[in-house]
1. If the chain between A:Arg30 and A:Arg268 were fully stretched, how many nm would it gain, using 0.36 nm times the residue separation less the Cα-Cα distance?
2. Cα-Cα over 25 Å: which of A:Lys190/A:Lys403; A:Lys308/A:Lys383; A:Lys308/A:Lys342; A:Lys308/A:Lys336?
3. Subtracting the Cα-Cα distance from 0.36 nm times the residue separation, let me have the gained length for A:Gln275 to A:Asp199 in nm, one decimal.
4. Give me A:Phe111, A:Phe76 sorted ascending by neighbouring Cβ count inside 10 Å, so fewest comes first.
5. When a footprinting reagent is the concern and you count Cβ atoms within 10 Å, what order do A:Arg11, A:Arg305 take, fewest first?
6. Sorted from fewest to most neighbouring beta carbons within 10 Å, what does the list A:Glu203, A:Glu332 look like?
7. For segment A:263-411, with the dipole built from +1 on Lys and Arg beta-carbon atoms and -1 on Asp and Glu ones, taken about the Cα centre, which of A:Val280, A:Asn396, A:Ser326 lies farthest toward the positive end?
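We did not get these values from a lab; they are worked out from the coordinates using the rules stated. Not measured: the values here are computed from a predicted model. Neighbour counts run over all protein chains shown; Cβ positions are idealised from the backbone, glycine included.
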Amino acid sequence: MSGAACFADARAHLVSALDACIGDSRHLKRALARAVVAGLLPDPFVSARAVAAAAPCDLPLAYLAFRAAVPRPSSFAFASLIRAHSASLDPSPAFSLFAAMLRSGLYPDRFVLLSLLRASARCTNTSPSTVLFLHAVALRRGLHSDLHVATSLLHAYASLGLLDVSLKLLDEMPQKSTVTYNALISCCAKSAWYEHGLDLFTEMLLQGTHVNADTLVAGLSCCAGLGALGHGRSIHACAVRRLSCLTSELGTSLLQMYTKCGSLEEARRVFDQMQTTRDVSAWTAMMSGLAMHGQGEEALDLFERMMKDGVAPDSMAFTTALHACSHCGLFEAGAKIFKEMKGVHGIEPRMEHFGIMVDLLGRAGQLEEAMQIVESMPSKPSKVVLGALLHASMANGETMLRKQLERQLLELETEAGEEGGFFVGVSNLYAAVGRWNEVCKIRNKMVEKGLKKEKGFSLVEVDGKLHKFLVADKRHPLTMEMYRTLHGMDSGGMMLE
DNA sequence: CAATAGTATT
């Protein structure tokens with residue numbers, strides 16, 4: 001056998017060995033060691049296969065193989081690493097790798113593009129220009145009409161909150177899949193575009209696009225946001241008709257929908273049906289529903305039962321349990337849970353937990369303790385935490401502290417370039433204590449920045465049709481009658497609940 | 001090799 005043939009043979013052998021241990025870090029290390037000994041790891045082809053095999057389970061090892069390539073890593077090696085990062089907790093290194101890839105003169109292919117779009121959608125701090133750039137790349141390379149690329153692109157825009165762009169893209173897509181719709185509907189729910197989400201759901205049914213369990217989950221989130229009980233019920237019926245059993249995801253969405261729509265009874269019924277499929281999410285949704293309806297004690301009972309059932313609480317479960325305590329005035333129970341969170345369960349409290357604790361202690365009149373919480377925090381308190389403390393100091397007549405907090409909060413606001421909603425929130429806090437000077441200052445600042453708060457509105461479902469009412473809305477033909485009824489409820493001493 | 005529940009606050 002000639003030298004060249006021998007080399008090729010050894011290389012092929014090694015590559016198949018590498019492929020055989022994808023995801024198995026220990027075996028991979030052994031195969032890599034053999035590659036090094038045989039002097040084959042620098043071969044870009046071998047290196048790339050090693051990167052691909054190691055990336056899903058052992059990133060440092062993948063980088064080792066990546067850097068070994070001579071003269072440089074191949075496109076395939078870049079793609080594997082970028083893909084691994086796009087799926088990880090912090091996808092941002094995917095972009096540095098992409099930059100390095102471009103610098104070494106390699107073009108992004110379909111796989112790289114898909115991974116980068118996924119990374120954009122999952123990063124919390126992606127800038128719109130990143131997605132715009134990837135969009136341009138897709139167009140330039142003629143990949144924009146590929147169904148998966150188009151779906152990922154639409155999802156990337158939607159994750160930024162640019163839903164109008166996503167909807168336009170959807171409109172222009174020659175073919176759309178279930179996944180395309182699911183991605184968009186769930187983003188609508190996340191960005192409070194509930195009505196659009198439900199419209200898309202209906203559109204799917206009308207044009208015969210297949211609806212799966214995930215579609216129903218996304219649709220239910222929209223119903224929950226709208227309080228559209230009727231629509232929620234028909235999605236529930238749809239689920240019962242199509243699926244043999246309730247998955248925990250679907251059950252959890254149903255719980256959320258029913259409790260947010262005010263039907264605790266139906267939520268309970270679903271929860272009872274879920275005996276074998278209850279996980280942390282399901283327990284959490286039920287707890288939150290109870291707390292929402294003023295049943296804090298029951299929520300805490302559920303929290304206890306969950307742990308007895310052997311389901312470990314996570315960060316969100318604690319958020320919910322603490323909120324139940326704060327909301328229902330169970331101050332001692334809340335303090336105990338907060339302590340045990342780290343002490344017994346080893347879960348580090350985060351910003352939300354601190355915020356709820358400050359709120360809870362403030363309501364209990366324990367301002368000292370609330371301040372201690374803020375001082376004990378590992379990072380700078382967010383505006384929510386400071387706002388809770390401000391609220392507490394106002395309720396407790398602490399002028400000094402209040403003044404200090406007001407200054408801090410305003411600084412935070414101005415540097416962050418906030419949206420309208422929070423400005424209004426802060427100005428309401430000032431208004432509540434009659435500090436009209438401060439109210440004026442904030443309002444002026446908002447005008448300067450061209451910020452406007454979206455008008456408040458409520459939605460009411462009657463006979464399956466949604467009706468929208470803006471603040472001080474008088475356009476409905478039956479306006480007078482409605483206001484009369486409202487006033488009647490006020491003065492007639494009619495009690496709700 | 002496209003998307004994926006449950007929380008808190010405005």
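1. Details: separation 238, 0.36 × 238 = 85.68 nm, distance 5.39 nm.
Length gained, A:Arg30 through A:Arg268: 80.3 nm.
2. Values: A:Lys190/A:Lys403 35 Å; A:Lys308/A:Lys383 36 Å; A:Lys308/A:Lys342 18 Å; A:Lys308/A:Lys336 17 Å.
Beyond 25 Å: A:Lys190/A:Lys403; A:Lys308/A:Lys383.
3. Details: separation 76, 0.36 × 76 = 27.36 nm, distance 3.30 nm.
Extra length available between A:Gln275 and A:Asp199 comes to 24.1 nm.
4. Least crowded to most crowded, the residues run A:Phe111, A:Phe76.
5. Values: A:Arg11 17, A:Arg305 13.
Ranking A:Arg11, A:Arg305 by Cβ neighbours within 10 Å, fewest first, gives A:Arg305, A:Arg11.
6. On the way: A:Glu203 14, A:Glu332 9.
Ascending Cβ contact count within 10 Å gives the list A:Glu332, A:Glu203.
7. Checking the options against the dipole of segment A:263-411, the answer is A:Asn396.
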